[in-house]
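These notes are about the structure you will find just below.
Bear in mind these aren't lab numbers, they're just calculated from the coordinates by the rules spelled out. None of the values given here were measured: they were computed from a predicted structure. Note that each Cβ is placed from the backbone with ideal geometry, even for glycine, and that neighbours are counted across all protein chains shown.
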Amino acid sequence: MSFKVKIKGLNKVEIQVKKRLEDLLKDTTMLNEVGETTAKMIVNNARSGSVFKNDKKEKIKKLKNISIAHRKYLAKYNSTSDVYSASRSNLSFTGQFLKSIKHTVKRGLIIIEPTGSRTGYKTGPKTKDSNPPSNKQLAKFLADNGREIFGGLDKIGIKRLKTLIIRFLRRKLRTK
């Protein structure tokens, strides 16, 4: 024996739930949290010497001996970052570029990009590069030369972001 049950007003509940989720997904607190986490992941990937091509993480090619020698020479006259290594190309010679990567939230979108300008490298005891590129120009140059650091995240990074969003949504859904 079976019974038919009709539940009235289920459409209204579904509409309210969808509206609440849409509002939460536009929440600036969550978007800022996701943006900050994503920016940190991009910086950490670059520091590890990785880039993404076709959704695959690849290590940067090894530096040639002449590049290593040049980096060592420049390091004598410039302050280097704490993760600098003469033999590794990880965008951390002075750290200016990676420190400039910031996120902003505009109209419900997270924008992650390098900001600001750079100080030039000293090329000798009393010299200085007079016209260094801006951080955005450097990002474009890197992308044009196969070093797209904004190319994506690995599966682990995407999973971390999903977990972050799910936790935020659960926390917010419990409060209202």
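Here's the picture: charge each Lys and Arg Cβ at +1 and each Asp and Glu Cβ at -1 in the chain, and of Ser67, Met30, Ile7 the one pushed furthest to the positive end of that dipole is Ile7. A Gaussian network model of the chain, with springs between Cα atoms under 10 Å, assigns the largest mean-square fluctuation among Leu164, Leu31, Leu98 to Leu164. Listed by chain and number, the aspartates and glutamates whose alpha-carbon sits under 18 Å from that of Lys61, ignoring those within fewer than 8 places in the same chain, are Asp144, Glu148. For the pair Thr104 and Thr119, the difference between a 0.36 nm per residue extended length and the Cα-Cα distance amounts to 3.1 nm. Sequence-ordered 3J(HN,Hα) estimates for the stretch 76-92 from the Karplus curve with 6.51, -1.76 and 1.60 and θ = phi - 60° stand at 5, 10, 10, 7, 9, 6, 6, 9, 5, 9, 5, 9, 10, 8, 10, 6, 10 Hz, glycine and proline given as x.
Each label was represented as a point 7 Å from its Cα along the Cα-to-Cβ direction; for Lys4 and Ile111 these points are 5.6 nm apart. Taking 0.36 nm per residue of separation and subtracting the Cα-Cα distance, full extension of the segment from Lys155 to Asn32 would add 42.2 nm.
Between the beta carbons of Lys126 and Glu22, assuming R0 = 45 Å, the FRET efficiency works out to 0.15 to the nearest 0.05.
Dividing the convex hull volume of the Cα atoms of the stretch 35-106 by its residue count, what figure in Å³ per residue is obtained?
99 Å³
Set against the 2.2 N^0.38 Å expectation for a compact globular protein, the chain has a Cα radius of gyration ratio of 1.48. Note on the chain: with a GNM built from Cα contacts shorter than 10 Å, the maximum mean-square fluctuation among Ile66, Ile112, Ile165 falls on Ile66.
In order along the stretch 93-99, the Karplus-derived 3J(HN,Hα) couplings, from 6.51 cos²θ - 1.76 cosθ + 1.60 at θ = phi - 60°, round to 4, 9, x, 4, 5, 5, 5 Hz, and Gly and Pro are given as x. Relative contact order, whole percent, for the chain stands at 25, derived from Cα pairs under 8 Å and 6 or more residues apart. Taking amide H positions as modeled 1.01 Å from N, with prolines and chain starts lacking one, the residues under 5 Å from Ile101 and 5 or more places away or on another chain are Thr115. How far apart, in nm, are two points set 7 Å out from the Cα along the Cα-to-Cβ line at Lys172 and at Asn65? Using points 7 Å along Cα→Cβ, the separation is 5.7 nm.
Computed from phi, the 3J(HN,Hα) profile of the stretch 153-159 under the Karplus parametrisation 6.51, -1.76, 1.60 (θ = phi - 60°) reads 10, 6, 4, 5, x, 5, 5 Hz, with x in place of Gly and Pro.
Here the stretch 100-155 is described by how far its Cα atoms reach on the three principal axes: 47, 25, 17 Å, from widest to narrowest.
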